[in-house]
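*Asks:* Here it is, the structure in full.
The values are calculated or read from the model by the stated rules, or taken from the named source; none is laboratory data. Keep in mind that what you see is a predicted model, and the values were worked out from it rather than measured. Note that each Cβ is placed from the backbone with ideal geometry, even for glycine, and that neighbours are counted across all protein chains shown. Calculation scope for accessible area: heavy atoms of the full protein, side chains included, ligands and nucleic acids excluded. Shrake-Rupley method; radii C 1.70, N 1.55, O 1.52, S 1.80 Å.
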Amino acid sequence: MVENVFVVGLDDHNAGILDRLPDAGSYRFHPLLSVDELLFRDTIPVEDLLAEAQRQLELFDGRVDAVIGFWDFPVSTMVPMLCQRLGLHWASLESVVKCEHKYWSRLEQRRVIDEYPRFGLVDLDDEPTLPNGLRYPVWLKPVKSASSALAYRVENLQQLRQAAAAIRDGIGRMGDPFEFVLAQLQLPPELSGIGGRACLAEEAATGAQVTVEGYSFHGEVRIYGIVDSITGPDSSSFLRYQYPSSLPPAVTQRMAGLSGQVIRQIGLDSTTFNIEYFWDPEQDRITLLEVNPRHSQSHAELFEQVDGIANHDHMLQLALGREPRPRHREGPYNMAAKWFVRRIADGVARRVPTAEEVEQVQRDIAGCTVDVSITAGDRLSELHDQDSYSYALATIYLGADDEDDLIRKYERALAGLPFEFEEPSE
């Protein structure tokens, strides 16, 4: 029997990954709202989007077996609300929001582990100051954001106030619709008055950054992979995600144990998750950065190329009420990475790689997939969901024999993908 699975914000890239899953013929994947409707817009009307998604589901002439989604807000919170209304398998909205509200998440972490940075709230409506007990450098960020947008590393009071002003100007785009989500819950007293427009300061962690991926099924937490998040020289922007991790097994085992404690405390179940950590090798210190109530779609092809199955399948099985079926090192490559092609300065794209140039690179380099993120005429500073320090132009997914092979393939791919920019008129 073919199972009907609706995917909130299904795009061509993820549709291709789903079509390559084992037993893909056993499922029929239906798009539910477009990425443009959900993400690439100046305002995010969550209530209207929910109503339209529910309307489309109710009009479907057949049985709805599952609803899933791979994107951050608003998709990450819409899926549990839709599943609750339809009686489908998914994590509770409360457990999802406990992850997504950065301050609430820290409060939950603090109850069960010690491996978190000192943190505190910053009042954006008053003259911002560093919370008591914190020391510079810190990261200043909204309690709800995506893709590191509006997250600033600050090293003194002047930078703190500059960052607070930038956050104040942009926080409403996600903060206001997140207020609607918070209104669906009975919040604990410690969150009284701390809504979607609140701002958090956290002491900056150092070391190697990694992401632990896993799932929770009937209260049992399982880790299926750990990915290195490698930044550029003297930069907080990601250069690439690389799998499998190069960290010592003793360290990754400690991270796996911490992840289980946090996920059980939050009560997240029947879904995938990813948790970001830092490991400082000089002090052998682990610091939890953040908890995300879904797997990372950025890692899908990495798991596919190394383990033989994309992590999308784990979410799919959980949404259908079944335990996932992770594989280990059954893919065609020993190593895989998602590379980010970035530009630091603002600019207007005058030329981007053509479809023919992209296809040529993919034909010439085994295990290569290219996704160009911008179009000719785009002004980089007007793009949504970019980090605070650079602009992502394209992503290059690569499988390789080892790290040297990975770097060689990336350099070949980059040479075949020409971008040209001109200075903005203003």
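*Asks:* Based on the Cβ-Cβ distance from ARG28 to ARG135, what FRET efficiency comes out when R0 is 51 Å, to the nearest 0.05?
*Replies:* 0.40
*Asks:* Residue-wise, which Karplus ³J(HN,Hα) couplings in Hz belong to the stretch 199-207, taking 6.51 cos²θ - 1.76 cosθ + 1.60, θ = phi - 60°, and x for glycine or proline?
*Replies:* 10, 10, 10, 9, 4, 5, 9, 10, x
*Asks:* Relative contact order for the stretch 343-405 using alpha-carbon pairs under 8 Å, separation at least 6, rounded to a whole percent?
*Replies:* It comes to 44 percent, rounded to a whole number.
*Asks:* With +1 on each Lys and Arg Cβ and -1 on each Asp and Glu Cβ, how big is the dipole of the stretch 238-297 about its Cα centre, in debye rounded to the nearest 20?
*Replies:* The calculation lands at about 160 debye.
*Asks:* Could you tell me the ratio Rg/Rh of the stretch 208-302? Both radii from Cα atoms, Rh via Kirkwood.
*Replies:* In the stretch 208-302, Rg relative to Rh is 0.96.
*Asks:* Could you work out how far apart the two model spin labels at PHE180 and GLU420 are, taking each label as a point 7 Å from the Cα in the direction of the beta carbon, and quote it in nm?
*Replies:* Taking the simple label geometry, PHE180 and GLU420 are separated by 4.3 nm.
*Asks:* Can you tell me what the convex hull of the Cα atoms of the stretch 248-349 projects to on average, as an area in nm²?
*Replies:* If I average the Cα hull's projected area over directions, I get 9.8 nm².
*Asks:* When only Cα pairs under 8 Å and 6 or more residues apart are kept, what is the percent relative contact order across the chain?
*Replies:* It comes to 14 percent, rounded to a whole number.
*Asks:* Taking each pair of distinct Cα atoms in the chain once, what is the resulting Kirkwood hydrodynamic radius in Å?
*Replies:* 22.3
*Asks:* Taking all protein chains in place and a 1.4 Å probe, what share, in percent, of the accessible surface of the stretch 130-281 do carbon and sulfur account for?
*Replies:* Roughly 49 percent, rounded to a whole number.
*Asks:* Dimensions of the stretch 330-395 along principal axes (Cα, Å, largest first)?
*Replies:* 41, 27, 15
*Asks:* Related question: Give the aspartates and glutamates whose C-alpha is closer than 16 Å to that of LYS102, dropping any in the same chain fewer than 8 places away, or say none.
*Replies:* List returned: ASP72, GLU94, GLU115, ASP123, ASP176, GLU179, GLU190, GLU202, GLU203, GLU276, GLU290.
*Asks:* At 222 nm, what helix-only mean residue ellipticity would the chain give, in deg cm²/dmol to the nearest 500, using -39500 (n - 2.57) for each DSSP H run of four or more?
*Replies:* Theoretical 222 nm ellipticity from helices: -9500 deg cm²/dmol.
*Asks:* Identify all lysines with a Cα-Cα distance to LYS98 below 21 Å; exclude those on the same chain that are fewer than 8 residues away in sequence.
*Replies:* LYS141, LYS144
*Asks:* Follow-up. Rolling a 1.4 angstrom probe over the protein heavy atoms, how many square angstrom per residue are accessible across the chain?
*Replies:* Spelled out: the 1.4 Å probe surface of the chain, per residue, equals 43 Å².
*Asks:* Next up: With charges set only on the Cβ (+1 for Lys and Arg, -1 for Asp and Glu), what does the dipole of the chain come to about its Cα centre, in debye to the nearest 20?
*Replies:* Roughly 880 debye for the chain.
*Asks:* log₁₀ I(q)/I(0) of the stretch 39-87 at q = 0.15, 0.29, 0.32 Å⁻¹, via Debye over equal Cα point scatterers, no solvent, to two decimals?
*Replies:* -0.40, -1.26, -1.38
*Asks:* At a Förster radius of 56 Å, what calculated FRET efficiency corresponds to the Cβ-Cβ distance of LEU383 and MET1, to the nearest 0.05?
*Replies:* My answer for the efficiency is 0.85.
*Asks:* If you take the C-alpha gyration tensor of the stretch 149-241, multiply each eigenvalue by 5 and take the square root, what semi-axes do you get, largest first, in whole Å?
*Replies:* Values for the stretch 149-241, descending: 27, 26, 12 Å.
*Asks:* Label point 7 Å out from GLU52 along Cα-to-Cβ: which residues of the stretch 151-174 have amide N under 19 Å?
*Replies:* Correct set: 173-174.
*Asks:* Here is a follow-up. If you average 1/r over all unlike Cα pairs in the stretch 63-135 and invert the result, what Kirkwood radius do you get in angstrom?
*Replies:* 14.9
*Asks:* R0 = 25 Å: FRET efficiency of ALA345 with GLU155, Cβ-based, nearest 0.05?
*Replies:* In this case the efficiency is close to 0.65.
*Asks:* Could you tally the net charge around PRO332, taking each other residue with its Cβ under 11 Å from the Cβ of PRO332, Lys/Arg +1 and Asp/Glu -1?
*Replies:* The answer is -3.
*Asks:* Taking the Cα atoms of the stretch 1-153 alone, what are Rg (to one decimal) and Dmax (as a whole number) in Å?
*Replies:* That works out to 19.1, 61 Å for Rg and Dmax.
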